[in-house]
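Participant: The structure's right below; bear with me while I get my questions together.
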Amino acid sequence: MALPRAGMLVAVVILALYAITAAVVLTTPYESPFRVVARLLALWGFLSLSIAVILTPFLREIMKIFGRPFLAVHHTFAAVGLLLPTLHPVTLAITSLNPAIFIPVFFPWERFWLNGGRPALYLLYIAFAAVVLRKYIPKYWRWVHGLMYVVLLLAIVHGNLIGTDFENPVIWALFNTLFALAVAAFILKRWQRMRKKQAPGRSDASRV
């Protein structure tokens with residue numbers, strides 16, 4: 001099924017974000033090609049998760065723009081955002097022969113934030129599991145799935161503190177803007193739910 005014109009425009013913009021990110025990574029001096037792959041996996045993963053989150057307040061609009069159900073679009077970006085951040089530490093562990101990359105560091109506090117990508121990966125899987133198990137925890141799955149925002153927070157702080165590519169102003173501006181938009185989507189989504197609670201006669205169309 002062909003995308004509507006608006007969907008084509010949005011798709012082009014999204015593809016441009018992936019392309020710009022790749023261009024910055026590939027044109028930055030590097031020592032190991034594996035490190036390049038690891039950096040690109042991390043950035044593309046964050047980009048995918050951010051898009052999945054940013055879309056959440058726009059259920060009806062996404063259907064109109066892409067001509068597809070919201071969940072189909074949302075879950076596509078979420079799936080990519082789950083796979084790529086998983087491959088990021090796997091690539092680094094293989095390159096460095098250091099499985100400690102997967103072990104979160106909680107103390108001292110500064111090292112927790114420096115290595116925030118480690119706990120973020122586990123929280124990402126917990127947030128994903130909430131969707132799979134939603135029918136078993138109907139009252140709590142939204143709260144658990146909301147850990148996705150914590151994942152983005154840990155990831156953006158981690159990137160700003162030690163991310164090689166965040167030294168580039170394009171990456172810095174793009175990814176911090178994505179995080180800001182994710183926070184705005186979180187606020188908008190909560191505002192929408194408050195309005196629906198105040199209007200009990202209206203059905204709740206939100207399922208994510």
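The values are calculated or read from the model by the stated rules, or taken from the named source; none is laboratory data. Computed from a predicted structure; not experimentally measured. Here the Cβ is made from the backbone with ideal geometry for all residues, glycine too, and neighbour counts use every protein chain on show.
Participant: Residue 170 versus (1) over 24 Å from residue 110 (Cβ atoms); (2) modelled with pLDDT under 95: which is the lone unmet condition?
Facilitator: Of the numbered conditions (1) over 24 Å from residue 110 (Cβ atoms); (2) modelled with pLDDT under 95, the odd one out for residue 170 is (2).
Participant: A follow-up question, please. Quick check on this structure: which one of 60, 35 is among the basic types (Lys, Arg), at pLDDT below 95 and within 18 Å of residue 162 (Cβ to Cβ)?
Facilitator: Working: 60 fails: within 18 Å of residue 162 (Cβ to Cβ).
Every option except 35 fails the conditions.
Participant: Can I ask one more? Need the failing condition index for residue 69 against (1) surrounded by fewer than 15 Cβ atoms within 10 Å (Cβ to Cβ); (2) over 20 Å from the mean Cα position of the chain (by Cα); (3) farther than 25 Å from residue 165 by Cβ, just the number.
Facilitator: Unmet for residue 69, out of (1) surrounded by fewer than 15 Cβ atoms within 10 Å (Cβ to Cβ); (2) over 20 Å from the mean Cα position of the chain (by Cα); (3) farther than 25 Å from residue 165 by Cβ: (2).
Participant: Return the pair list, or none, for Cβ contacts closer than 8 Å from residues in segment 160-185 that are charged (D, E, K, R) to residues that are assigned to a helix (DSSP H, G or I) and surrounded by fewer than 19 Cβ atoms within 10 Å (Cβ to Cβ), at least 6 apart or on different chains.
Facilitator: 165/24
Participant: Now, a different point. Here is a list: 42, 22, 38, 52. Which entry is in contact with a Phe, Trp or Tyr (Cβ under 7 Å, 6 or more places away or on another chain), surrounded by 13 or more Cβ atoms within 10 Å (Cβ to Cβ), closer than 18 Å to residue 83 by Cα and touching a residue at least 12 places away in the same chain (Cβ under 8 Å)? Break it down stepwise before answering.
Facilitator: Working: 42 fails: in contact with a Phe, Trp or Tyr (Cβ under 7 Å, 6 or more places away or on another chain); 22 fails: in contact with a Phe, Trp or Tyr (Cβ under 7 Å, 6 or more places away or on another chain); 38 fails: in contact with a Phe, Trp or Tyr (Cβ under 7 Å, 6 or more places away or on another chain).
Among 42, 22, 38, 52, only 52 is in contact with a Phe, Trp or Tyr (Cβ under 7 Å, 6 or more places away or on another chain), surrounded by 13 or more Cβ atoms within 10 Å (Cβ to Cβ), closer than 18 Å to residue 83 by Cα and touching a residue at least 12 places away in the same chain (Cβ under 8 Å).
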